[in-house]
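Before any comments, here is the structure.
The values are calculated or read from the model by the stated rules, or taken from the named source; none is laboratory data. All of these numbers come straight from a predicted model, not from anything done at the bench. Note: ideal-geometry Cβ built from the backbone for every residue, glycine included; neighbour counts use all protein chains shown. Keep in mind that these areas ignore ligands, DNA and RNA; they rest on the heavy atoms of the full protein, side chains included. Shrake-Rupley method; radii C 1.70, N 1.55, O 1.52, S 1.80 Å.
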Amino acid sequence: MDFLWDGAKLTVPFWHLTFVNLQDTAYLVAGTAEKLYTGQTGKMQAVFPDKRNNWCKKVTQRRRTGAEMKRGGGKIKIVRIIVIIIIVLVLLTAGGAWFAFREELAITGSIRKESEEHPVYYMEVNGDYHFQEFLEAGGASSDDEVAAFLTQYISKGFYPVEIEESGPGCSVISAMDEKGKHVWGRNFDWTETVTVLVKCVPDDGYASISTCDLRNITDSTEIRPDNLMNKMLTIAALYVPMDGINEAGLCVADLEVNEGGMTDMDTGKPDLTMTTATRLLLNRAATVDEAIALLENYDIHASGGISHHLAVSDAAGKSVVLEFMDGKMVPVITGCATNFNLAKGDSSAGGESSQKRYEELCSAYDANAGVMTRQQVIEVLRRTAQEGEWKTRWSMAYDQDTQSISYWFDGDFEEEYRYVISE
């Protein structure tokens with residue numbers, strides 16, 4: 001427990017404190033260091049062992065000559081001592097809670113609402129929030145295992161954190177502009193979402209901005225990070241990115257694959273779900289080759305009971321979709337992706353909407369031989385955005401030339417939200 005007396009900080013464990021009341025004096029004993037609170041001055045004063053004896057003698061003399069003491073001064077101030085004890089206990093409880101949850105409170109303190117029209121929030125995480133410990137513990141093969149890991153850290157085991165990833169529809173396109181800079185676009189299509197933009201600055205890794213659907217954690221679109229409990233739950237968004245971009249220019253997007261296009265891997269390697277694999281790439285990979293090399297060290301598992309594939313592009317313009325088939329990872333070189341397994345080559349397997357969006361993306365890409373401006377990427381995102389129940393909930397475009405990410409929400413391309421990772 002910390003006390004600040006006479007400009008000096010004294011740290012004293014609470015169980016080492018003893019309260020002694022001598023008339024108008026509250027006396028705290030802590031090993032060889034003592035402090036006095038005097039009713040006359042209202043200040044804490046240091047009492048060292050050599051002076052303490054003299055002081056105690058004077059107090060003893062005063063007790064022996066009670067007739068000389070004032071009537072009021074001779075009363076034991078029980079109420080005052082009780083108040084002091086209560087204050088100390090409150091400070092101890094508050095201080096203990098703050099210390100235990102200091103990392104979480106720093107993160108929740110960064111959460112802010114970004115839009116009045118759309119349910120969009122922003123959160124910053126300085127550090128990797130135990131992600132290295134997660135990897136060292138063997139990762140996780142399911143959303144439940146990720147949730148169990150996060151419960152121990154976010155709530156210290158007091159309440160459960162649950163994670164269940166939804167199946168994103170989505171479209172992705174990757175190209176280079178006329179100056180040889182990487183441009184990348186993504187539509188995220190789903191029913192309803194509560195969007196959380198997560199800026200992560202790990203101590204040992206690349207800073208990134210990723211996007212999470214909070215419903216994957218709360219299973220509700222009514223729950224918003226507008227109180228402390230919900231903000232604590234929102235911390236889990238770091239482990240559930242749907243897409244993101246890091247400061248090295250690596251872009252990653254998780255897309256659903258229809259028709260069961262993914263099989264779990266079981267080779268005895270450490271495990272990752274799709275979202276934690278996405279987090280690993282954002283933190284650690286600068287290029288597509290590095291991303292592939294990283295994921296080769298893990299068994300990748302589906303999330304939310306659906307199939308997935310990962311679209312990964314880098315600043316040099318290399319772009320692949322990583323499929324997970326027959327117990328292994330299969331990279332497919334492509335600049336476009338929707339919701340069918342490209343390794344199998346059947347674009348109709350994703351359904352009519354998926355096929356139509358894929359053809360629209362490829363048409364725009366091929367018409368320019370893979371050279372597209374940022375505005376052209378935005379335009380093809382606008383054309384492939386969906387309405388109705390499976391609406392495009394967010395669109396994002398990365399521009400390597402400005403190192404910026406732009407977002408549009410619920411198909412509203414008139415209102416742009418722009419972020420720079422390095423800021």
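The number of residues in segment 109-146 being within 15 Å of LEU233 (Cα to Cα), part of a strand (DSSP E or B) and not charged (D, E, K, R) comes to 4. Do the conditions hold for ALA343, that is, is it at pLDDT 95 or above, part of a loop (DSSP other than H, G, I, E, B), open to solvent by 30 Å² or more (accessible area, probe 1.4 Å) and under 30 Å from THR267 (Cβ atoms)? Here the answer is no, as ALA343 does not meet what is asked.
Among residues that are free of Cβ contacts under 8 Å to residues at least 40 places away in the same chain and over 24 Å from LEU214 (Cα atoms), GLN400 is not included. When the criteria are applied in full, THR373 fails the requirement of being of a type in the set (Val, Ile, Thr), within 30 Å of ASP271 (Cβ to Cβ) and touching a residue at least 40 places away in the same chain (Cβ under 8 Å). For the condition over 18 Å from ASP243 (Cβ atoms), out of contact with any Lys or Arg (no Cβ under 6 Å at 6 or more places or on another chain) and not charged (D, E, K, R), MET262 does not qualify. A single entry from ILE154, ILE217, ILE173, ILE223 fulfils the requirement of being among the hydrophobic types (A, V, I, L, M, F, W, C), under 26 Å from ILE333 (Cα atoms) and either open to solvent by less than 10 Å² (accessible area, probe 1.4 Å) or in contact (Cβ under 8 Å) with a residue 24 or more places away in the chain (or both): ILE173.
Among the residues of segment 177-198, none is identified as over 26 Å from ASN368 (Cα atoms), open to solvent by less than 10 Å² (accessible area, probe 1.4 Å) and charged (D, E, K, R). Looking across segment 101-141 at every residue that is small (Gly, Ala, Ser) and within 26 Å of TYR298 (Cα to Cα), the one that is surrounded by the most Cβ atoms within 10 Å (Cβ to Cβ) is identified as ALA140. Condition check for MET176 on (1) within 20 Å of GLN376 (Cα to Cα); (2) touching a Ser or Thr at 6+ places or on another chain (Cβ under 8 Å): one failure, at (2). For the structure I just gave you, tell me whether THR338 is under 15 Å from VAL257 (Cβ atoms), under 28 Å from the mean Cα position of the chain (by Cα) and of a type in the set (Val, Ile, Thr). It is true that THR338 is under 15 Å from VAL257 (Cβ atoms), under 28 Å from the mean Cα position of the chain (by Cα) and of a type in the set (Val, Ile, Thr). Among the residues making up segment 261-287, a single one is surrounded by fewer than 24 Cβ atoms within 10 Å (Cβ to Cβ), under 22 Å from ILE209 (Cα atoms) and of a type in the set (D, E, K, R): ARG284. Every condition in (1) over 23 Å from THR287 (Cα atoms); (2) open to solvent by less than 40 Å² (accessible area, probe 1.4 Å); (3) under 29 Å from the mean Cα position of the chain (by Cα) holds for GLY350 except the one numbered (3). The number of residues in segment 174-195 that are in contact with a Pro (Cβ under 9 Å, 6 or more places away or on another chain) and either among the basic types (Lys, Arg) or part of a strand (DSSP E or B) (or both) comes to 4.
Set side by side, the residues GLU162, GLU178, GLU117 differ, and just one is within 29 Å of ALA315 (Cβ to Cβ) and at pLDDT below 95, which is GLU178.
Okay, residues lined up against (1) over 22 Å from LEU322 (Cβ atoms); (2) modelled with pLDDT under 95; (3) hydroxyl-bearing (Ser, Thr, Tyr):
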residue: ASN339; (1), (2), (3): no, yes, no
residue: GLU352; (1), (2), (3): yes, yes, no
residue: GLU360; (1), (2), (3): yes, no, no
residue: THR373; (1), (2), (3): yes, no, yes
residue: LYS391; (1), (2), (3): yes, yes, no
residue: ALA397; (1), (2), (3): no, no, no
residue: GLN400; (1), (2), (3): no, yes, no
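Screening the candidates ASP289, ASP299 for the property of being more than 21 Å from the chain's Cα centre (by Cα) and under 15 Å from ALA140 (Cβ atoms) yields one hit, ASP299. Looking only at segment 233-255, decide whether some residue is open to solvent by 10 Å² or more (accessible area, probe 1.4 Å), at pLDDT below 95 and assigned to a loop (DSSP other than H, G, I, E, B). No; the residues of segment 233-255 include none that is open to solvent by 10 Å² or more (accessible area, probe 1.4 Å), at pLDDT below 95 and assigned to a loop (DSSP other than H, G, I, E, B).
Within segment 79-97, does at least one residue satisfy the condition of being crowded, with 16+ Cβ neighbours inside 10 Å, modelled with pLDDT under 70 and either of a type in the set (A, V, I, L, M) or in contact with a strand residue (DSSP E or B) (Cβ under 8 Å, 6 or more places away or on another chain) (or both)? Yes, there is a match, as at least one residue in segment 79-97 is crowded, with 16+ Cβ neighbours inside 10 Å, modelled with pLDDT under 70 and either of a type in the set (A, V, I, L, M) or in contact with a strand residue (DSSP E or B) (Cβ under 8 Å, 6 or more places away or on another chain) (or both).
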